[in-house]
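Trainee: The structure follows.
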Amino acid sequence: MKWINSKRIFLLLAGFLFLSSALFSEWCFEDEDYQALLDNQAETARVLDSQETQIEQQEKQLTIAQSWQAISNGAIQQLRDWYSAAQTYWRKQNIVTGIVAGSVGVGLGIVFGLLIGAQ
């Protein structure tokens with residue numbers, strides 16, 4: 001039993017030894033690898049800047065589109081209000097025209113009735 005425990009301890013210590021050497025080792029790059037990493041970093045920075053510029057432009061376009069939409073919605077509402085007012089006006093005008101036409105018809109009927117009855 002002691003043999004198994006000491007074997008486990010030995011394996012555990014060996015594992016820590018390899019782990020510590022891997023954790024504390026230094027990365028060494030060749031000049032070409034280092035330059036490739038720098039180029040990659042520069043390209044990534046350019047792409048990021050380009051995307052940030054595109055996002056800013058799209059945000060401006062979105063703001064403009066939203067303001068145009070608000071203006072259009074206001075114009076549509078104004079046209080609806082005008083249409084409703086025009087409908088109300090023409091209904092009133094039709095009622096007034098009907099009343100006037102009926103009154104004129106009744107008046108003319110009375111006048112013609114009196115003229116024909118007077119003869």
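A short reminder: the numbers here are calculations on the coordinates, not readings from a lab. The structure displayed is predicted, hence computed values, not measured ones. Quick reminder, even Gly has a Cβ in these numbers, built from the backbone with ideal geometry, and neighbours come from all protein chains shown.
Trainee: Subtracting the Cα-Cα distance from 0.36 nm times the residue separation, let me have the gained length for residue 92 to residue 116 in nm, one decimal.
Mentor: Values: separation 24, 0.36 × 24 = 8.64 nm, distance 3.55 nm.
Full-extension gain reported as 5.1 nm.
Trainee: Ok, one more. How far apart, in nm, are the 7 Å Cα→Cβ label points at residue 32 and residue 72?
Mentor: Inter-label distance under the simple model: 5.7 nm.
Trainee: How much net charge surrounds residue 98 when only other residues with a Cβ under 12 Å from its Cβ are counted (Lys, Arg +1; Asp, Glu -1)?
Mentor: On the way: positive: 91, 92; negative: none.
Surrounding charge for residue 98 is +2.
Trainee: Once you put a point 7 Å from the Cα of residue 11 and another 7 Å from the Cα of residue 82, both along the Cβ direction, what distance in nm separates them?
Mentor: Each label point lies 7 Å from its Cα, and together they span 8.8 nm.
Trainee: Next question, about the same structure. Grab the alpha carbons of segment 32-118, take their convex hull, and tell me the volume per residue in Å³. Walk me through the numbers before you get to the answer.
Mentor: Working: hull volume 6.1 nm³, N = 87.
Per residue, the Cα convex hull of segment 32-118 comes to 70 Å³.
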